[in-house]
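None of the figures in this text is laboratory data; all of them are computed from the coordinates on show. As the structure is a computational prediction, the values presented were derived from the model and not from experiment. Cβ placement follows ideal geometry from the backbone for every residue including glycine, while neighbour counts extend to all protein chains displayed.
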Amino acid sequence: MKIHRVLCLGAALAVAPLALATMPFTNDAFGKVEGTLDFCARVDSHSAAKYQERKKALVRDVPQKEVDDARESQEYKDAYDWVTDELGKAPKDQAVQACSAYLDGK
């Protein structure tokens, strides 16, 4: 299932080592993860705050300028738009289920 693979990618990147002061992943991966988390926040609105917490945790130790620069890159924007479009094709109940499973670590 495509949505499950995208959410697994997000989970894998979320556990990447974040102790570095630079982005721990590419702009493409960053766009996909944030796009996934934003999508989940929209379809699973009662857990939106949890998805936003996950977004903040991804870049907790990264300087804000570096985060802003990454979000302005075309690579980030293309990846963000792609993952949002792909996830939007899934039935809402499946999307909510997959997003909830991500939060539960399944």
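Give the share of C-alpha pairs in each 5 angstrom bin for the stretch 27-104, from 0 to the last occupied bin, in whole percents, shortest bins first.
Histogramming the stretch 27-104 at 5 Å steps yields 3, 17, 25, 24, 17, 10, 3, 0 percent.
Please give, to one decimal in nm, the separation of the simple spin-label points placed at GLU53 and GLU72, each 7 Å out from Cα toward the Cβ.
Once both label points are built, they end up 3.2 nm from each other.
Under 19 Å from a label point 7 Å along Cα→Cβ of GLN64: give me every residue in the stretch 27-56 with its amide N that close.
Within reach of a label on GLN64, which here means backbone N under 19 Å from a point 7 Å along Cα→Cβ, the stretch 27-56 contributes 52-56.
Karplus couplings for the stretch 42-58 from phi (6.51 cos²θ - 1.76 cosθ + 1.60, θ = phi - 60°), rounded to Hz, Gly and Pro as x?
Once rounded to whole Hz, the list reads 6, 7, 10, 4, 5, 10, 3, 4, 5, 5, 5, 5, 5, 4, 5, 5, 4.
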